[in-house]
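The values are calculated or read from the model by the stated rules, or taken from the named source; none is laboratory data. Keep in mind that this is a model prediction, so the values were computed, not measured. Positions of Cβ are backbone-derived with ideal geometry, glycine not excepted, and every protein chain shown enters the neighbour counts. The area values use the complete protein model at the heavy-atom level, side chains included, leaving out ligands, DNA and RNA. Shrake-Rupley method; radii C 1.70, N 1.55, O 1.52, S 1.80 Å.
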Amino acid sequence: MEVDLSKITKNGRAMFLAYDQGMEHGPEQDFTDENIDPQKILDIAEKGQFTGVIFQKGIAEKYYNPKVNRVPLIVKLNGKTDLREGLDEPYAPQLCSVEEAIELGAAAVGYTIYVGSQFEGKMMQEFSAIEQEAERHKLPVIAWMYPRGKAVAGKENSREILAYAARLGLELGADIIKIPYNGNKEDFEWVVKAAGKTKVVMSGGPKTETREEFLAMVKDVLSVGAAGVAVGRNIWQDDNPLEISQQLSKILFF
Ligand code: FBP
């Protein structure tokens with residue numbers, strides 16, 4: 001059964017603000033005095049009219065108030081740090097349940113699968129259990145489909161592996177997949193086709209040198225059928241996050 005995505009999309013398009021990098025990369029790598037404060041990111045998500053803000057449960061619990069905040073909450077259910085050894089075979093354990101996410105006010109949940117990792121099977125199993133539970137609550141599930149690990153080393157951004165990851169998302173029952181763009185429109189068109197009825201959103205990656213570069217990538221992926229973006233650093237590391245949010249919103253919705 002197809003789940004209703006209207007709470008986390010506008011005109012069928014998604015504009016999600018990702019803010020789980022504190023866990024994934026650590027404060028030194030990504031944050032300034034300004035954007036280390038989750039409240040500031042929540043304000044950007046609200047004022048920038050994002051269709052979802054992505055938090056881990058701890059930030060959701062301390063900063064997000066479903067009675068006050070209008071931007072829909074997407075709770076990331078698994079995660080890992082950048083510190084562990086053996087990162088060439090990554091595994092991000094589940095840290096939050098679907099039920100907990102619902103109590104926090106979630107309109108959707110997210111989970112990363114490192115496609116190609118030695119622990120891929122474990123993540124596929126965890127994801128499947130989440131998907132089953134979320135479906136019972138009619139809650140959309142977003143899968144971060146990230147090729148990683150020795151089996152795909154050097155091929156993470158290839159058309160073949162990205163399309164494989166996208167297809168896996170469809171076959172596992174994801175409602176939306178979030179996947180990197182390799183900069184080649186034709187490749188991404190194939191990725192979108194591989195995902196079938198599962199919607200595809202572009203994950204942002206590190207901040208590009210210019211805004212134009214980032215916005216051009218957004219236009220590219222939309223032109224070949226992507227349903228939007230789930231981005232973080234390119235927004236909240238910008239000198240004027242609200243201005244770039246408005247530019248992004250124009251591209252997505254007008
Ligand atoms: P960005 O737009 O900042 O890249 O955020 C997208 C995202 O998927 C985050 O949700 C996550 O924290 C991060 O990228 C993971 O990046 P990576 O696995 O490449 O280090």
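Side notes on the structure shown:
- Label-reachable residues, segment 223-252, where backbone N falls under 20 Å from a point 7 Å from THR32's Cα toward its Cβ: 231-248
- For the chain: accessible area per residue (Å², 1.4 Å): 47 Å²
- Relative contact order [Cα under 8 Å, 6+ residues apart], segment 54-161, whole percent: 26 percent
- Applying 1/(1 + (r/R0)^6) with r as the Cβ-Cβ distance of GLN132 and GLU61 and R0 = 22 angstrom yields a FRET efficiency of 0.35.
- Between segment 145-165 and segment 181-254, the Cα center-to-center distance that results, in Å: 19 Å
- Rounded to the nearest 5, the antiparallel percentage of DSSP beta bridges internal to segment 9-117 is 15%.
- Dipole magnitude of the chain, debye to nearest 20 (Cβ charges: Lys/Arg +1, Asp/Glu -1, about Cα centre): 720 debye
- FRET efficiency estimate (nearest 0.05) - Cβ-Cβ, THR208 to GLU160, R0 25 angstrom: 0.50
- For segment 68-175, the share of alpha carbon pairs falling in successive 10 Å distance bins from zero is 15, 44, 30, 10, 1 percent.
- Accessible surface ranking for HIS137, HIS25, 1.4 angstrom probe, highest first: HIS137, HIS25.
- In this view, the solvent-accessible surface of ASP88, computed with a 1.4 Å probe and all protein chains in place, comes to about 80 Å².
- Atom-type composition of the exposed protein surface of the chain places 49 percent of the accessible area on carbon and sulfur (1.4 angstrom probe).
- Principal axis dimensions, the chain - Cα atoms, whole angstrom, descending: 41, 40, 39
- Accessible-area order (highest first, 1.4 angstrom probe) of the listed residues LYS67, LYS138, LYS207: LYS67, LYS138, LYS207
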